[in-house]
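Visitor: Shown below is the structure under consideration.
The values are calculated or read from the model by the stated rules, or taken from the named source; none is laboratory data. This structure is a prediction, so every number in the text was calculated from the model and none was measured. Here Cβ is always computed from backbone atoms with ideal geometry, including for glycine, and neighbour counts include all displayed protein chains. For accessibility, only protein heavy atoms count, side chains too; no ligands or nucleic acids. Shrake-Rupley method; radii C 1.70, N 1.55, O 1.52, S 1.80 Å.
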Amino acid sequence: MSMISTPDRASRRSLLKGVAAAGVGLAAAGAGAANAKSRSPANTGKPTADRLTLRDGTSLYFKDWGSGPAVVFSHGYPLSSDAWEDQMFFLQQSGYRVIAHDRRGFGRSSQPAAGYDYDTFADDLAELVEALDLHDATFIGHSMGGGEVARYVARHGQGRVAKVAFISAVTPFLLKTETNPNGAPKELFDSFRAAVQANRSQWNLDVTMPYYSFNRSGAHVSEGLRQNYWRQGQATGLLAAYHALGAFSETDFREDLGKITVPALVVHGSDDQIVPLEISAKLTAKLIPHAKLVVYEGGSHGLLHVDKDRLNADLLAFLRA
């Protein structure tokens, strides 16, 4: 049974007032966006314990645990760095320094009016990597985070990169086009955007069933995982939730992947109902010169949690190789 309660009538009235107020706030944010580049925050590029102010004023939240070789994680949609907690805890205990950020508009990072595209996501990641002065780091991306890793390499090179890993990633290109006939039609992603606008809270809960393959016969449904996904998804701002759908579905990473020459690990579940194996990992592994493809038979999109023990072992072996 879901633990999300339905608000009473008075609460709904308060909620509607809050939405109206939020609309005014969004309008004000849009009006101020033109002046964002003119601002130069005093602490730009100087990370605190868990915050970095980017050049455009966006506040980026991040976690930085442990010491040793650096491992940098990029999370999926519509989640946050919390999605990586099982891998971060395991690898920190194994002697690695683990870093993960909440992408702009997601989780605890601020919610600017613009910048929800992969060039910006990659540049934000580069600012964090430079601010922390990371070298010989392994970059690991899950779902839409895989695209962030690919675009980071394409735009900023491999000077700080030792290895890369793609877990259930959206690469190389999800959208159906003349040059990508096996992709998904735009209408599918339009329906996702409509769901975000219509009832984002319910959609974030409903999608957990195919996300973790809990809708399969005999599946052991974890309400805790469903609620944790919902919690992270609702913490993400509306602008990020809406515009990131277009970013990860319409961005072509084929040329980006071809620029990766460091060792690469590609992991995907054969029963991934969110990003099907045939149009993603199998093609990604072919486009990267030194990639190893590992398929988890029956694995879902939610490998980070459902198959965490196997994934943690595979990541550790890859890091030590």
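Visitor: Go through 271, 309 for me and flag whichever is modelled with pLDDT of 95 or more and closer than 15 Å to residue 212 by Cα.
Guide: It is 271.
Visitor: Return yes or no: is residue 123 at pLDDT 95 or above and either surrounded by 23 or more Cβ atoms within 10 Å (Cβ to Cβ) or in contact with a helix residue (DSSP H, G or I) (Cβ under 6 Å, 6 or more places away or on another chain) (or both)?
Guide: no
Visitor: Follow-up. Given the structure, is residue 150 small (Gly, Ala, Ser), in a helix (DSSP H, G or I) and in contact (Cβ under 8 Å) with a residue 60 or more places away in the chain?
Guide: Here the answer is yes, as residue 150 does meet what is asked.
Yes/no matrix, rows are residues, columns are (1) hydroxyl-bearing (Ser, Thr, Tyr); (2) open to solvent by 60 Å² or more (accessible area, probe 1.4 Å); (3) under 18 Å from the mean Cα position of the chain (by Cα):
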site: 217; (1), (2), (3): yes, yes, no
site: 221; (1), (2), (3): no, no, no
site: 238; (1), (2), (3): no, yes, yes
site: 291; (1), (2), (3): no, no, no
site: 300; (1), (2), (3): yes, no, yes
site: 305; (1), (2), (3): no, no, yes
site: 308; (1), (2), (3): no, yes, yes
site: 321; (1), (2), (3): no, yes, no
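Visitor: From the set of residues in segment 91-129 that are more than 13 Å from the chain's Cα centre (by Cα), hydrophobic (A, V, I, L, M, F, W, C) and part of a loop (DSSP other than H, G, I, E, B), which is nearest to residue 315 (Cα to Cα)?
Guide: Per the stated criteria, the residue is 114.
Visitor: Does any residue in segment 280-302 that is closer than 17 Å to residue 317 by Cβ come within less than 9 Å, Cβ to Cβ, of a residue that is hydroxyl-bearing (Ser, Thr, Tyr) and open to solvent by 70 Å² or more (accessible area, probe 1.4 Å) six or more places away or on a different chain, and which pairs are these?
Guide: 290/261
Visitor: Could you list, in sequence order, all residues of segment 65-90 that are under 19 Å from residue 318 (Cα atoms), among the hydroxyl-bearing types (Ser, Thr, Tyr) and open to solvent by less than 10 Å² (accessible area, probe 1.4 Å)?
Guide: Scanning segment 65-90 gives a single hit, 74.
Visitor: Quick check on my filter: what residues within segment 59-89 are in contact (Cβ under 8 Å) with a residue 40 or more places away in the chain and of a type in the set (Ser, Thr, Tyr)?
Guide: Matches in segment 59-89: 59, 61, 74, 77, 80.
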